[in-house]
């Protein structure tokens with residue numbers, strides 16, 4: 001009986017430790033992609049840090065979007081204007097805190113759009129994002 005008690009305590013401690021860890025960069029980016037495809041603007045925006053920066057093109061000196069509120073406004077408008085908009089993940093790579101996704105965007109017009117997105121994840125949130133078109 002005492003042995004089962006200690007096993008139960010150890011399991012609880014392991015679960016608590018796992019829950020207190022921030023999600024992995026891949027988990028954060030996947031949550032963002034899932035919310036994007038559901039067009040759930042609240043869940044989508046919550047994957048970004050409050051002070052996140054989004055760059056339209058890799059190499060841009062200035063971000064096109066600054067902060068979670070600006071991201072929510074821009075993507076909320078996108079979701080409204082393109083209700084069939086979806087992103088299909090073609091490939092994904094992880095390098096340190098960066099997740100690099102190759103995506104096929106559909107539902108915005110006649111031709112699908114291929115992009116690369118680089119997401120930098122810090123403390124469980126996307127802190128910066130760059131696109132390669």
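Any read-out appearing in this document is the output of simple, stated calculations on the displayed coordinates, not a laboratory observation. In this text the structure is predicted, and so the values were computed from the model without any measurement.
Equivalent-ellipsoid semi-axes for segment 23-132 (Cα gyration tensor, √(5λ), whole Å, largest first): 19, 16, 14.
Here segment 73-132 was treated as a single set of alpha-carbon atoms; its pair distances binned every 5 Å from 0 give 4, 17, 21, 24, 20, 10, 4, 0 percent.
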